[in-house]
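These notes are about the structure you will find just below.
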Amino acid sequence: MPGLRGPGAVTRSTLRQQIADALRDEVLAGRLKPMQAFTVKEIAEQYGVSATPVREALVDLAAQGLLEADHHRGFRVPLYSAEDLRNMLDARRLVTEGIFRSMAERTDLDASAVPHMVAALAVVRRRGEEAQRAAMAGDLTVLVGYDLRFWRELSTLFGNPYLGDFLHRLRSQTWVCVVQQLRRAPDLRGRLWSGHADLIDAMARLDTQGAYEIIKSYNSHALKDLALFDTPESEPDAPAR
């Protein structure tokens, strides 16, 4: 796992965030395996810090759905099933398509009415370009980081922080669910969705119908990941939750 600065160099709250960020990266990269249990003491010893900020960081990640508490052994990465992924994707589809459908149905949008959004989209597009390059190269680790940042920043433009938080949590859980399965593929080039920049370009042109169609295509593409759960190797060892 990546190292952290010594506890004397940072405050407890900052150390808690550093630990949470480092563990989140490990989970999203698929380096912490589903059902792999670990204790607060083990993580604290690995990072050379006290147990308190580690416990707080693990609780934070559990609250985000990236870890689950094992009352007997500490914490572990959730083991998701194909049905879990199907439900996550369906929830994401309902929300994202609803947002863009509403935009497509609006008749009051023009470039002069939303200059702040057009300018903000230029910033988000840079994240999208990085995500797109990683997707086309099949670099899953880089893609996950930029993809989450891209959608997080894009969702803030809709002006509803609760919606942004919900989508970020759901998207993070979706990556945790599917990343282990994707890493079994021999070559991910051309396998991962790479339409980030196209979506931003459509929005910058105020082509709301075009953006809506891209979102629908994106959600349809994500359903292909369900097939990754079909092989015996990927079947869960425990009942689906």
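The values are calculated or read from the model by the stated rules, or taken from the named source; none is laboratory data. Everything quoted here is computed from the prediction, not taken from an experiment. Note: ideal-geometry Cβ built from the backbone for every residue, glycine included; neighbour counts use all protein chains shown.
Give all pairs with beta carbons closer than 7 Å in which a residue from region 24-42 that is hydroxyl-bearing (Ser, Thr, Tyr) meets a residue that is surrounded by 16 or more Cβ atoms within 10 Å (Cβ to Cβ); count only pairs at least 6 apart in sequence or on separate chains.
These pairs meet every condition: Thr39/Gly74.
Quick one: in region 119-139, of everything that is in contact with a Ser or Thr (Cβ under 6 Å, 6 or more places away or on another chain) and buried (at least 20 other Cβ atoms within 10 Å of the Cβ), which residue is nearest to Arg205 (Cα to Cα)? Spell out how you get there, then give the answer.
Step one: filter region 119-139 for residues in contact with a Ser or Thr (Cβ under 6 Å, 6 or more places away or on another chain), giving 132, 135-136.
From what is left, the residues that are buried (at least 20 other Cβ atoms within 10 Å of the Cβ) are 132, 135.
Working: Gln132: 19, Ala135: 24 Å.
Per the criteria, the residue is Gln132.
Among the residues in region 97-106, are any in a helix (DSSP H, G or I) and not assigned by TED's automatic domain parsing to the domain that holds Ser172? Write out each step before concluding.
Just the residues of region 97-106 that are in a helix (DSSP H, G or I), to begin with: 97-105.
Adding the requirement that they be not assigned by TED's automatic domain parsing to the domain that holds Ser172 leaves none.
So far as region 97-106 goes, no, none of its residues is in a helix (DSSP H, G or I) and not assigned by TED's automatic domain parsing to the domain that holds Ser172.
Okay, residues lined up against (1) modelled with pLDDT under 90; (2) over 26 Å from Leu23 (Cβ atoms):
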residue	(1), (2)
Asp147	no, no
Asn160	yes, yes
Gln173	no, no
Val179	no, no
Leu199	no, yes
Ile215	no, yes
Thr231	yes, yes
Ser234	yes, no
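Name the residues in region 40-74 that are part of a loop (DSSP other than H, G, I, E, B), surrounded by 14 or more Cβ atoms within 10 Å (Cβ to Cβ) and in contact with a strand residue (DSSP E or B) (Cβ under 9 Å, 6 or more places away or on another chain), would you? It would help to see each step written out before you state the result.
The initial filter retains those residues of region 40-74 that are part of a loop (DSSP other than H, G, I, E, B), namely 48-50, 64-67, 71-73.
Cutting the leftovers down to surrounded by 14 or more Cβ atoms within 10 Å (Cβ to Cβ) gives us 49, 64-67.
Listed by number, the residues that qualify are Leu66, Leu67.
Here are Phe158, Phe166, Phe150: which of them is surrounded by fewer than 18 Cβ atoms within 10 Å (Cβ to Cβ) and not in a loop (DSSP other than H, G, I, E, B)?
Details: Phe158 fails: not in a loop (DSSP other than H, G, I, E, B); Phe150 fails: surrounded by fewer than 18 Cβ atoms within 10 Å (Cβ to Cβ).
Result of the check over Phe158, Phe166, Phe150: Phe166.
Only one of Leu199, Leu188 is surrounded by 14 or more Cβ atoms within 10 Å (Cβ to Cβ), in a helix (DSSP H, G or I) and outside the structural domain of Leu28 (by TED's automatic domain parsing); which? Step through it out loud before you land on a result.
Details: Leu188 fails: in a helix (DSSP H, G or I).
The conditions single out Leu199.
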